[in-house]
Amino acid sequence: MVNFAVKQSQGLHRATPVILGALIALLGASVSARAQDIVYSVYQTSTTPIVSSGEVSPLTVTESGTITTDGTIGVLQTGNIVSWNLSLTDQYNPSYDVTLTPANSGIPGGIVGNALTASSTALSFNYGDAGAGFAIQAFSPGFYSGFSYVCYQATVGGCAQGDTIVPNYYAVDGVQVPLSGSVNLNNPPVTSAPEIDPATTTSAGTLLLGMLAVIRGRRSNPLKRAVNSAG
């Protein structure tokens, strides 16, 4: 009887790595399912006006915020962009400031070309990809109106080459950032802490701890029964 109980315990011991492996896979699947989208920080600032004369002066305009993708790594197209939150700030005229989100803005014409790419940590735009472009503009007063937009443009296209940032109107407080080659859109880098879903983490962690407790109990119970039988 004692030997049989010990064999049972050994059998459970051999099965434990398999059970633990399944639990780890379950935990990983739970977390990855909620962490599929990637949120990238975006930052750019300039004092160079789009129009050589007539714009407000002095002029400093900043673009800051985030662009969220569906997690695709490599070349991105319109369907890979799932959200954005971009603040276009006129440092000297706060009344012109605007924050672009999917609720009040869109991507006019979609992403053109293959210049927008993603790594696991950053978005980049290749300003040498002739004709490529990507813009986000407010719905009101409308696309291609010259109001409230940010535009990433390579060589020839609808915007000046480089980044164009327009909180209000392109001929009032629009700025441009001449760029070439492949450039990180978070320039200079602004770091934001990754978001962790506490509900997912707690539930998965609780499940793992609970199953470990069950395994520990099963491993000890046969030995207790063996000792009791022997007694």
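Here, each number is a calculation from the coordinates, and none is a lab measurement. All values reported here derive from a predicted model rather than from experimental measurement. Here Cβ is always computed from backbone atoms with ideal geometry, including for glycine, and neighbour counts include all displayed protein chains.
Based on the alpha-carbon gyration tensor of the range 50-118 and its eigenvalue square roots a ≥ b ≥ c, which shape applies: rounded if a/c is under 1.5, prolate if not and a/b is larger than b/c, or oblate?
Prolate.
Take each of the peptides 159-168, 80-89, average the number of other beta-carbon atoms within 10 Å over its residues, and list them starting from the highest. Don't skip to the end; give the middle numbers.
Details: 159-168: 22.7, 80-89: 18.6.
Descending mean neighbour count gives 159-168, 80-89.
Please compute the volume of the convex hull spanned by the alpha-carbon atoms of the range 39-184 and report it per residue in Å³. It would help to have the intermediate numbers written out before the result.
Details: hull volume 13.6 nm³, N = 146.
Spelled out: Cα convex hull of the range 39-184, divided by residues, is 93 Å³.
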